[in-house]
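Throughout, read-outs are computed from the coordinates displayed, never taken from laboratory work. Predicted model, so just to flag it, every value in this text is computed and none were measured. Note that we place each Cβ from the backbone using ideal geometry, even for glycine, and neighbour counts take in every protein chain shown.
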Amino acid sequence: MNGIKNILNKIWHEKYLLGMLASWTILVLISVCWNLFQNHQEIIERAKIEANSIFQHTMAYQSWMSSHGGMYTVLSETNKPNPYLHIPDRDLHTIEGSVLTMVSPFQMQSEVYHDFKELHALNRSVSLNPLNPANRPDLWEAENLQAFAAGTTEVFEKSRIGGKYYMRLMRPFKSADQCFKCHDIKNKSSVLGAKSISVPMEPYYKSALTTWWTMSITHLVMLILGMAMIIKFSRGCKKYQQTIKESDKKLRIVSEFAYNFEYWTTEENEIIFISPSCERITGYSKDEFLRNSDLLEAIIHPDDRKLFHNHHKHFQAPSHNDIDFRIITKKGEIRWISHTCSPIFIDNQFLGRRSSNKDVTERKKLVAELLQAQKMECLGHFAGGIAHDFNNVLTSMVTFTHLLQDEVDEHNENIQDYIKHIIISAKLGKNLTSNLLSFGQRQIINPKKTFLNKIVNNISDIIKVLIPRHIHWKFDLTDDDHPVYADPHQIEQIMINLCTNARDAMPNGGTMTISTTTATLNNEYSGSIGKIPPGRYMVLAVADSGEGISAANISQLCEPFYTTKEKKKGTGLGLSIISRIVKEHNGFLDVSSRVNHGTVFKIYLPIMIVDQETSKKLPLPILEQPMPGTRTTTTILLADDDELIRRSISMAFEQKGINMLLANDGAEALSIYLDNRDIIDMGVFDVVMPKKNGWEVYDIIRKDRPDFKAIFLSGHTNKIITNKIIAEEHLMFMAKPLEIQTLLKKVDEILKK
């Protein structure tokens, strides 16, 4: 395409050059012709002047001679008497004996011009009725004599005489009174004749020929020089045009491929220039902006137009602060624009402002995400601190409650029921702190082989407490229950959050169903939240018949702080925490819902692959057995910075006959160990403690005793101990708030080994 364009441009340039050369040639030819014409006219005028001069001289001589009665000359063979003079004294005899004869003015002029050929001009007196036959007119002269009779006073004309061109002048004249004395003229008032003067043109043509040659050579030189100048000018123009073209091409490339949205506007808001990139950013084409200059302001978000107006308040100001504002694109999208502009002055004349607009929508999103991440991190630290302190309170409360339960008569149903509800409340408090720890990503995962049905049964009492009486609930658990690799406590956390959401979705009552099923996916399944790959899964589902969720809201359910509940009924963290826990278990979350018809949340957990032969040889689970009360030699080092936890745990262990050594920080724990290293069997350490944390205490002790065992406790680990460390070091970890029976069981397992 560019090659064709270049060829067309070359042809156009050549035609343009040929046109200029042809025009110049025509101008030179016109000039030559005009000058030749002018020169010819000048020759004619000069011939006329000469003919007129001869006429004037002739008439002057004739008048003089007529006024003096003629002139006498010596009679000779060549000068004979004039037979047309009728006067007695025509011939006179002199004293010397010679004879004089009168010569008339016309006779003298005729003889002079006849004898002196070098005069070239012809001077004749003619008449239609001549006295002298020699004065008969030729055809041209006869026509003019008739014209004089009709009133013509003068005739100038170039005509041929004997094959040569002459400038001929002819004027009528009347005989003077003196003429009647010598000639027999009856009608004195009639026109007797005319003077015919003929000036040859050949001498004028010869003199003009040199002028014509000079003029032709001069114009030829002018033609050549002009053509040379035209060619040079054309080449210069071509070079200049090429320079302009290249400059324009560079400018066009820069403007058309400018990434930012550039434009130039006048003070009257007229768009002088706008870059094509405007369409990429705004959706509106360059032509749309040029047709409607007001579109530049119309696309600005209504909330930001005042900011834009204030920015352009002083249009000619030398500098403006950069501003960011929103625009609404042609598709209705909202995008952020970073705007900068500067005045355009050329030769001290203000021509408008040049503006540059950069799309910073993604940057704004990144900044917002960074702020959100920082906010989440701060909230995570805050939530972790609260969870740690609250878990300590719950741990001591639960432990003391279990101690109280052991002391109270088991047949006192009221008190046992009260204690049961205290424990359930503590578990709900534990779920709350677990949510906080999950939000701050400070919760340690302790996965193991487990079964969903067992988890549901263990937490059923808590779920029943959560569900009010106006909501009907039911459990639908599969008989084909397969093991999954999961942290039971975190699965319980998921169930409590889902059941709480289902309860809140049915303020006027309804039905809640908690179920477990197996699912085999042969192909990838596209869920409402994400894709689920093929495989075998155990599915935990919580269904309600409540208000339902719109399709537009489902995609945002797992975002932190997003909630469809009233402000006082939800934080917007539950589903976000559920989504994160499910991902940590390599599971998948799916939801289906219809407005006013209810919602179903499903958790897909991969079924754990167990070798059948190996599974048959696995020992039966160790049932919880009471600690032998007679064992007085067992000593445990307990280190925790919370006094109530130390007291409640130590009391529970001492009831089982365990000797407890208590430390309120890491440094004291090491000091007690050094003093009692021979009798300490194991340690129970809080992870986060003053002076030295639990991991540092354990690391120092095991350098002295590599086989030393310990259980780590914490409301949150503050990243001192991670999932990776627990897996690599085969550590025992229990999250606060503790269940004292579980702790006793783990200690028993360690001591038996």
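Couple of notes before you dig in:
- Scanning the stretch 642-658 for residues that are assigned to a helix (DSSP H, G or I) and touching a residue at least 60 places away in the same chain (Cβ under 8 Å) yields 644, 645, 647, 648, 649, 651, 652, 653, 655.
- Number of residues in the stretch 659-687 that are of a type outside the set (Lys, Arg), surrounded by fewer than 21 Cβ atoms within 10 Å (Cβ to Cβ) and in contact (Cβ under 8 Å) with a residue 12 or more places away in the chain: the value is 15.
- Total residues in the stretch 208-219, condition without any contact (Cβ under 8 Å) to a residue 12 or more places away in the chain and surrounded by 11 or more Cβ atoms within 10 Å (Cβ to Cβ): 1
- Test set (1) surrounded by fewer than 16 Cβ atoms within 10 Å (Cβ to Cβ); (2) in contact (Cβ under 8 Å) with a residue 40 or more places away in the chain; (3) more than 18 Å from residue 267 (Cα to Cα) - residue 321 fails condition number: (2)
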